[in-house]
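Heads up, the thing below is written out as structure tokens.
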Ligand code: ATP
Ligand code: MN
């Protein structure tokens, strides 16, 4: 279909004076005696294109003026009568698809809860269209960030036999009939597609380490799956995961990389999505742009877990789950630290080994591991990372303590046998990042078709 993007019509100065064809959906219609106005959106820009219809010269099919209808308009581009940019004086308006009055996206703002029930149409609203334009810009920026730094983009398998960290959180992959019955679990899996228990990957990290210990610096950016029962505003069953892994790196290097990435992404979104960000600032989170600008320019805090627990214990009265050394930090604790104590993003490092994964580097104290979680205001944990245990004996000991099945990790252990190197990396939840920069409060509103327990719309 020969036509040009509304973005170009609005923004290209030199286009004024020429005749163009645009396509889009009707967002508003106003009528007066002599002229009527259609506002069109084709998704390419936050701002809509105003189409001016001179009623003395042109008769338009009333179906073309209904909210949600799709049309093709030929017209002359002129400088907008009011405001910046261009508008279009219509020469013809042609109906592409009509839209009945039951169209659920009406002019007045509907609730996010309601829109969640119509995920297939909610992208036609300003809010959701803006979220997904920002999401796309952020995704491109992730690839750019790593590419500029010579990180190689790896695609790790989504089907895996190793239950990395998510004991109980792994979706099973099976081709066995629903009523298959076997005397033992072993027999069941023996007859299954892979001959062993398989599932959807909760993280590409273990495979990422294979690549990093050969290519030096790698990252993955793909989906991870977690059968979490937690019905929270921060968890999805399927989310996108950015996981860099770096050879010849220790914990401070991992922290530096995470901070650099987050700042880079914030700047990219602020630079490339000014209209969207202004909208979020006005209607979703007041002061968002100011907050993000500060974050992009400030040093993030670093705080040892032990120190964090000391701070939190004094505040135990305010928490639903009181804090003790050794406990995992809950979202309420994470938010308190970043929002009330540090008032900026903070890395909490050196967690007790019992609450972290087997592969994290064991610290000298014998009690903690070289982990670093990045906590940000409004969300809590956005990044989880660590230096990995590079010493084979120590790693084997940690696996034994956890009664892990060593045979499933032979490849992983081999990386520690043949030229082992200090290395580390982290996982950034992409949807959590999109929430953070848009101010959206529910992760279900930043994924196209979000999946969570009992929800696969
Ligand atoms: P949480 O404690 O919030 O569940 P986690 O400790 O399980 O997070 P990691 O295993 O370290 O998280 O995963 C790395 C990152 O992936 C997290 O910091 C978060 O941003 C993101 N993430 C983890 N689980 C989910 C999920 N279910 N939905 C969306 N993002 C997630
Ligand atoms: Mn989790």
Pairs under 8 Å by beta carbon, first residue over 27 Å from residue 381 (Cβ atoms) and assigned by TED's automatic domain parsing to the domain that holds residue 143 in segment 418-430, partner part of a strand (DSSP E or B) and more than 16 Å from ligand 1 (Cβ to nearest atom), six or more apart or different chains? 421/247
In the same structural domain as residue 421 (by TED's automatic domain parsing) and surrounded by fewer than 18 Cβ atoms within 10 Å (Cβ to Cβ): which single residue out of 245, 307, 276 fits that description? 307
Take residues that are within 14 Å of ligand 1 (Cβ to nearest atom) and in contact with a strand residue (DSSP E or B) (Cβ under 7 Å, 6 or more places away or on another chain) and tell me which of the strands (runs of 3 or more DSSP E) falling wholly in segment 289-390 contain 3 or more. 346-352, 368-376, 380-387
Taking the stated definitions as given, is residue 376 at pLDDT 95 or above and within 24 Å of residue 301 (Cα to Cα)? yes
So which of 119, 157 ends up being within 18 Å of the chain's Cα centre (by Cα) and either surrounded by fewer than 12 Cβ atoms within 10 Å (Cβ to Cβ) or in contact (Cβ under 8 Å) with a residue 12 or more places away in the chain (or both)? 119
Checking residue 209 against (1) part of a strand (DSSP E or B); (2) in contact with a helix residue (DSSP H, G or I) (Cβ under 7 Å, 6 or more places away or on another chain), which single condition isn't satisfied? (1)
Against the definition (within 16 Å of ligand 2 (Cβ to nearest atom) and either within 18 Å of residue 415 (Cβ to Cβ) or touching a strand residue (DSSP E or B) at 6+ places or on another chain (Cβ under 6 Å) (or both)), how does residue 168 come out, yes or no? no
Can you say whether residue 400 is within 16 Å of ligand 2 (Cβ to nearest atom) and in a helix (DSSP H, G or I), as far as the supplied structure shows? no
Just give me the residues in segment 198-213 being closer than 20 Å to residue 389 by Cβ and either within 16 Å of ligand 2 (Cβ to nearest atom) or without any contact (Cβ under 8 Å) to a residue 12 or more places away in the chain (or both), in sequence order. 202, 203, 204, 205
Out of everything in segment 428-453 that is in a helix (DSSP H, G or I) and out of contact with any strand residue (DSSP E or B) (no Cβ under 8 Å at 6 or more places or on another chain), what residue ends up being farthest from ligand 1 (Cβ to nearest atom)? 438
Restricting attention to segment 214-249, report how many residues are farther than 15 Å from residue 451 by Cβ, touching a strand residue (DSSP E or B) at 6+ places or on another chain (Cβ under 6 Å) and not in a loop (DSSP other than H, G, I, E, B). 12
The number of residues in segment 14-50 that are in contact (Cβ under 8 Å) with a residue 24 or more places away in the chain and not in a strand (DSSP E or B) is 11
Evaluate the following for residue 91: is it surrounded by fewer than 19 Cβ atoms within 10 Å (Cβ to Cβ), touching a residue at least 40 places away in the same chain (Cβ under 8 Å) and more than 23 Å from residue 130 (Cα to Cα)? yes
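The values are calculated or read from the model by the stated rules, or taken from the named source; none is laboratory data. No experiment lies behind these values; they were computed from the predicted model shown. A quick note on method: Cβ atoms are made from the backbone with ideal geometry, for glycine too, and the neighbour counts reach across all protein chains shown.
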